[in-house]
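Working notes for the structure below.
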Amino acid sequence: MTGLITKAHDTDTPAGIRTLEERRRAWAAGRLIDMSCPLYGALRPEILWRPAAPRNRCSNFGRRLLLLIPAAPTPMVFLPIKWSKPPMPHRQHLRRFLSSATARAAAPIPAWLVPRSSGTSAQSARIRELGRLGRLSEAREVFDAMPFRDIIAWNSMIFAYCNNGMPDAARSLADTISGGNLRTGTILLSGYARAGRVRDARRVFDEMPLRNTVAWNAMVTCYVQNGDITLARRMFDAMPSRDVSSWNTMLTGYCHSRQMVDAKNLFEQMPERNMVSWTVMISGYVLIEQHGKAWDIFRMMHYEGMSPEQPNLVSVLSAISNLGNLNILESIHAFVHKAGFERDVVISTAILNAYTRGVSMLDTAVKFFEGMTERNEYTWSTMIASLSQGGRIDDAVAVYQRDPIKSVPSRTAMLTGLAQCGRINDARILFDQIPEPNIVSWNAMITGYMQNEMVDEAEGLFNRMPFRNTISWAGMIAGYAQNGRSEQALVLLQVLHRNGMLPSLSSLTSTFFACSNIEALETGKQVHSLAVKAGCQFNSYVCNALITMYAKCRNIGFVRQIFDRMTVKDTVSYNSLIAALVQNNMLEEARDTFDNMPSRDVVSWTTIISAYAQADQGNEAAEMFRNMLQVHELPNSPILTILLGIGGNLGASKLGQQIHTVAVKLGMDSGLIVANALISMYFKCGSADSLKVFDSMEEQDIFTWNTIITGYAQHGLGREAIRMYQQMESAGVLPNEVTFVGLLHACSHSGLVDEGRQFFKSMSSDYGLTPLLEHYACMVDLLGRAGDVQGALEFIYDMPIEPDAVIWSALLGACKIHKNVEIGRRAAEKLFSIEPSNAGNYVMLSNIYSSQGMWDEVAKVRKLMKEQGVNKEPGCSWMQIKNRMHSFVTGDEEHEQIQDIHATLRELYTLLKATGYVPDTEFVLHDIDEEQKESSLLYHSEKLAVAYGLLVTPKGMPIQIMKNLRICGDCHAFVKFVSHVTKREIDIRDGNRFHHFRNGNCSCGDFW
């Protein structure tokens, strides 16, 4: 060893190292190696570090022989040293020291004792590969079996733990070697960052004795990943030096947080830009869906002479695919071809992905796919996934069968597509055919089971997994929560925690969702504490989930506390707060929050518009929609569906038509959700356009068929509803419970008793569906309306389940129609005990008594209502004329033209009596003389509306009226006579159904 190590002199001090702190820094930087430690004798004897020149100065410092490695960039060489086998005690000491069991109990190994290289690259690579696959136990076995380990091996194992969501285990391992080197600290910092544990990451950063630009960049990245752009910028500004990666990291933060104005300003200040800088800007604009600006950035880059590279082209192709402009896509395709990138399989796959974004371009995508000269596993999987998502599962299977390799990604894409379209058994067969499924395949199969509500099968597969990663646990917890097994989701989280693992962000958010489902406030608080322990209580995803959970548990105080303490409040946070306020009936506060948002997205508008719709404030919802369009925010399908629902409920056909026009302009009218909402809206508005929409649809789902069957039922068109059901059967669509509710309702309002009985029997015998309370209520209504009141009562007594208020109300309604006092009284008594505050039940019983002249009983009912504090809901009718909604209540004196309306009504009464109309005074609930009864009937809300319609609309124009309650018999007869005398088409939608009056007849056939 001559020339390598010289005997130290006690008086010498290593050059440049004077203080204890300087020695520590030298150790951390790897410049000092302790030669006296027994471990040194166990290092690889073949290789030792040695500087070529100058000669090292050594010193006996603290009874240790130290070798000083120059700090300057002196070339380092390896010299083979021949020396005898290390003494046996040293080898035994090494084995004891590095064994996984003893290492945890022993004192930490100083980082400078760990060799920088010992020829263990194969084992380290194996550890990294196993870590990437999530097979941590096997990785640790490789690590523990190594007879000696260099710093690369230690860092590989630490990285494996961090990469699989176990930063605490990584930290324990790092502490074994006193924190390792600079690379070790950076790995730990990044691991905590990925786990959302910002404070732990910052602690690691602060403890690092030396920090280079990479470490600073990692800390900035930590803040960026966890959404704290303010602290990220503060850290960025404090950096002693920056490289282009530093600028790109900060730029990425602004882009990820959608702060594109700040991103653009920073981009313009950059002293140097590389391809990453341009790519990040393009991706940022894609993220906020400003795809045109993303395309502009790419063009600007091209004009400045920057030649695009593979990542850059992939990003811009993502922007172009969302533009939906085939011409631009074709132009970039031509550019790629001209620049010689077409043979690049990654770029070609990105072009393929762009073509597959739109269902309408799938054929073009297939054509491009067929022309590709080279395909990789992602090309095949992209094509398979796109065809599956586009509903062309058979084509996807055909492509999969042509795949010569059938790689794991292709198989996984195929089984995912099969699971998504309900062919879960085929997906499982394919999964079993994968020779060595990776963890992605296992997770995809579990997700497929969960998507198909096969929770037990997913659980069985999860228990069989040879290895699991954080996604596996998160997928199971989410699956339980989304499939109504929230308690099991909470149990699985406990198992995860007992195994020594802290939950991932996804697991935490799914657990909070599970707590929300069952309103488990106390459990939610405990999981909240676990989130604090994990150091991610300030993560925006966790905070947003907490806001939702506390809102569902009606703890608005905690909601405000969480929101106020958030270090970063993004748009999602504000949206969560608005939804929480809405759920707790705080609409004004929700509107204030909405108005004060720094920025809004389409979800913000959806939430506030939905809130107004749920509060029955349709006009405000429509006004918000107009405001949305004015600020050039494009609506999504849910917003259009909400507004179409408002138009249908109000009978505001003009509003519905306007929304339909917007949907057509945005190309959303052909989507199933919007098309179904259009059918429902037009049916509720009494428009035949519902059938036009249905006929124009390229495909129909079960909701489409149910909507049109229910629509026919609302209009009393029982035969047409049955015909549509038969068409549905012919199309191979299986009915569900909602289908039979619509059919039974249609039969009830059309007097089709035999057909109704057959459908009720068929749902269980032919389709295995168990009748619900709604089906029993329809049967009671069907029998009662047909006059078989006693049979309806016996049907109730024979029911296998306890009848609810809807069933007894249907029987009471039948008794009112057929004037059955005895059964009506029994039904009413049941209703008074079930829902004592429902005024409608008291009114129906009073109607039965008054129709028989039982005024003493009427008085008793009125007295009971007074004692119960029940007030009769006033009848209200409304109609839309010239974009304005006019409403009327019984006995209305407030309308601006009320005197003209009253005069028109009196004229109509005189005219109609001359043609045979006789007021039906049995619907008057007071014991007064006939003249007073006729006078009280004259001013019912629907009669006021009819008179106003005749007064202000052109002769011969149809009149459409909506009413909140069931139309009374006298008003029904009155409108029939009006339609005959005036030759007007009059449509009235009451609380039960539509009545179409034509030439003195009603579509209900007096059966309502």
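Brief remarks on what is shown
- Residue in the stretch 92-100 that is aromatic (F, W, Y), modelled with pLDDT of 90 or more and in contact with a helix residue (DSSP H, G or I) (Cβ under 7 Å, 6 or more places away or on another chain) present: no
- Checking each residue in the stretch 522-545 for being assigned to a helix (DSSP H, G or I) and among the aromatic types (F, W, Y) picks out only Y541.
- Residues that are buried (at least 17 other Cβ atoms within 10 Å of the Cβ) and at pLDDT 90 or above, drawn from the stretch 558-572: F558, V559, I562, F563
- All told, S604 falls short of being hydroxyl-bearing (S, T, Y) and touching a strand residue (DSSP E or B) at 6+ places or on another chain (Cβ under 8 Å).
- Against the conditions (1) more than 21 Å from G784 (Cα to Cα); (2) surrounded by 17 or more Cβ atoms within 10 Å (Cβ to Cβ); (3) hydroxyl-bearing (S, T, Y), S670 satisfies every one except (2).
- Here L182 passes the criteria (1) over 30 Å from the mean Cα position of the chain (by Cα); (2) at pLDDT 90 or above except the one numbered (2).
- Residue in the stretch 651-658 that is among the polar types (S, T, N, Q) and not in a helix (DSSP H, G or I) present: no
- Where a residue in the stretch 433-447 is among the small types (G, A, S) and its partner, wherever it lies, is open to solvent by 20 Å² or more (accessible area, probe 1.4 Å) and part of a helix (DSSP H, G or I), with Cβ under 7 Å and at least six apart: S441/V408; S441/R411; A444/T416
- Within the stretch 584-598, considering residues that are farther than 19 Å from A551 by Cα and either open to solvent by 60 Å² or more (accessible area, probe 1.4 Å) or assigned to a helix (DSSP H, G or I) (or both), the one modelled with the lowest pLDDT: P598
- Any hit, the stretch 386-396, residues being over 25 Å from the mean Cα position of the chain (by Cα), small (G, A, S) and more than 30 Å from S670 (Cα to Cα): no
- In the stretch 124-155, residue nearest to N443 (Cα to Cα) [restricted to those that are among the small types (G, A, S) and assigned to a helix (DSSP H, G or I)]: G131
- Output for the stretch 143-155, where each listed residue is under 19 Å from F467 (Cα atoms) and buried (at least 19 other Cβ atoms within 10 Å of the Cβ): F143
- Checking each residue in the stretch 220-240 for being open to solvent by 40 Å² or more (accessible area, probe 1.4 Å), in contact with a helix residue (DSSP H, G or I) (Cβ under 6 Å, 6 or more places away or on another chain) and of a type outside the set (A, V, I, L, M) picks out T221, Q225.
- In the set (1) modelled with pLDDT of 90 or more; (2) surrounded by fewer than 19 Cβ atoms within 10 Å (Cβ to Cβ), M372 fails one condition alone, (1).
Residue-by-condition table, conditions (1) at pLDDT 80 or above; (2) open to solvent by less than 50 Å² (accessible area, probe 1.4 Å):
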residue: G284; (1), (2): yes, yes
residue: I288; (1), (2): no, yes
residue: Y303; (1), (2): yes, no
residue: E309; (1), (2): yes, no
residue: S315; (1), (2): yes, yes
residue: N325; (1), (2): no, no
residue: H333; (1), (2): yes, yes
residue: V346; (1), (2): yes, no
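- Qualifying residue in the stretch 627-642 (condition: more than 21 Å from Q290 (Cβ to Cβ), open to solvent by 70 Å² or more (accessible area, probe 1.4 Å), at pLDDT below 95 and in a helix (DSSP H, G or I)): no
- Some residue of the stretch 981-990 being assigned to a helix (DSSP H, G or I), at pLDDT 85 or above, farther than 18 Å from Q714 by Cα and open to solvent by 20 Å² or more (accessible area, probe 1.4 Å): yes
- Test set (1) closer than 23 Å to R993 by Cα; (2) assigned to a helix (DSSP H, G or I); (3) not hydroxyl-bearing (S, T, Y) - G787 fails condition number: (2)
- Members of the stretch 673-714 found to be touching a strand residue (DSSP E or B) at 6+ places or on another chain (Cβ under 8 Å), surrounded by 24 or more Cβ atoms within 10 Å (Cβ to Cβ) and of a type in the set (S, T, N, Q), listed by number: none
- R825 fulfils the conditions (1) of a type in the set (K, R); (2) under 28 Å from V889 (Cα atoms); (3) free of Cβ contacts under 8 Å to residues at least 24 places away in the same chain except for a single criterion, (2).
- Of all the criteria given as (1) at pLDDT 90 or above; (2) at positive phi; (3) basic (K, R), the one not satisfied by R242 is (2).
- Residue count for the stretch 762-801, restricted to those that are among the aliphatic types (A, V, I, L, M) and under 42 Å from the mean Cα position of the chain (by Cα): 11
- Subset of the stretch 173-201 [part of a helix (DSSP H, G or I) and open to solvent by 20 Å² or more (accessible area, probe 1.4 Å)]: D175, L182, R183, S190, R194, V198, R199, D200
- Among the candidates A396, A354, A365, A385, the residue that is assigned to a helix (DSSP H, G or I), modelled with pLDDT of 90 or more and of a type in the set (A, V, I, L, M, F, W, C) is uniquely A396.
- Among the residues of the stretch 546-576, the ones that are in a helix (DSSP H, G or I) and within 18 Å of S257 (Cα to Cα) come to 7 in all.
The values are calculated or read from the model by the stated rules, or taken from the named source; none is laboratory data. Bear in mind the structure is a predicted one, so any value in this text is a computation, not a measurement. Please note: Cβ atoms are built from the backbone with ideal geometry, for glycine as well, and neighbour counts cover all protein chains shown. For accessibility, only protein heavy atoms count, side chains too; no ligands or nucleic acids. Shrake-Rupley method; radii C 1.70, N 1.55, O 1.52, S 1.80 Å.
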